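J.: Got a structure for you, questions after.
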Amino acid sequence: MTGVHDVPPAVRLRSVEDRDLDVFFDYQADPQAVEMAAFPARDKDQFAAHWAKIRADDTLVVRTIVADGMVAGNIGCWQENGQRLLGYWVGREFWGRGVATQALARFVDEVSIRPLYAHVAVHNVGSIRVLEKCGFRRDRLQEAKAPASDDGIEEFIFVLNA
């Protein structure tokens, strides 16, 4: 017998809408997700300020991830320290269902900027697999040059060149 989670959801990307932000806030506040991503949750005011800044910056590319008609998370890229960085956040109920992989594949098809870098906590095995499935490879040279993190979180650096 197959369950509802056996069939990968239909995933699409669209522009971020105001109504998405409450869902994004809840996802980024999930303690298990915070631990997995090794990225601290923001309070409501910090979160609102962060997203207002993101949405006002037309140099960024940011999309809402929609899976089977539901807001599943967000994905985007931005310029930082001379590199184009990628980040995504997917709600826990969508983990392990191929949503992040489909979203990232669509995003890198849409955004032609290369190289594209992603930093991921070494314990975030799911995100590492997503990056690898979408053609990202560990950049050991960048890892060797990166300064030690202030928070003690060890990260891998992945890059998509082509």
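J.: Suppose we keep only residues that are surrounded by 10 or more Cβ atoms within 10 Å (Cβ to Cβ) and either touching a His at 6+ places or on another chain (Cβ under 7 Å) or over 18 Å from residue 75 (Cβ atoms) (or both) within region 1-19. Which one would you say is modelled with the lowest pLDDT?
T.: 5
J.: Now for a different question. Out of all the residues in region 20-38, which are out of contact with any strand residue (DSSP E or B) (no Cβ under 8 Å at 6 or more places or on another chain) and either modelled with pLDDT of 95 or more or open to solvent by 60 Å² or more (accessible area, probe 1.4 Å) (or both)?
T.: 21, 22, 25, 26, 29, 30, 31, 32, 35
J.: Hey, another quick one. If we keep just the residues of region 76-95 that are open to solvent by 80 Å² or more (accessible area, probe 1.4 Å) and without any contact (Cβ under 8 Å) to a residue 60 or more places away in the chain, which is farthest from residue 159 (Cα to Cα)?
T.: The qualifying residue farthest from residue 159 (Cα to Cα) is 93.
J.: Which residues, counting only those in region 100-110, are closer than 18 Å to residue 79 by Cα and open to solvent by 10 Å² or more (accessible area, probe 1.4 Å)?
T.: Residues satisfying the conditions are 108, 110.
J.: Say whether the condition of being more than 28 Å from residue 70 (Cα to Cα), touching a residue at least 12 places away in the same chain (Cβ under 8 Å) and of a type in the set (Val, Ile, Thr) is met by at least one residue in region 115-132.
T.: Yes, that holds for at least one residue.
J.: Right, next: Name every residue in region 110-134 that is β-branched (Val, Ile, Thr) and not in a loop (DSSP other than H, G, I, E, B), in order of residue number.
T.: Scanning region 110-134 gives 120, 125, 128, 130.
J.: Look at region 135-160 and say how many of its residues are more than 19 Å from residue 37 (Cβ to Cβ), part of a loop (DSSP other than H, G, I, E, B) and at pLDDT 95 or above.
T.: 2
The values are calculated or read from the model by the stated rules, or taken from the named source; none is laboratory data. These figures come from a predicted structure and were not determined experimentally. Please note: Cβ atoms are built from the backbone with ideal geometry, for glycine as well, and neighbour counts cover all protein chains shown. Heads up: the accessible areas ignore ligands, DNA and RNA and are worked out on the full protein's heavy atoms, side chains in. Shrake-Rupley method; radii C 1.70, N 1.55, O 1.52, S 1.80 Å.
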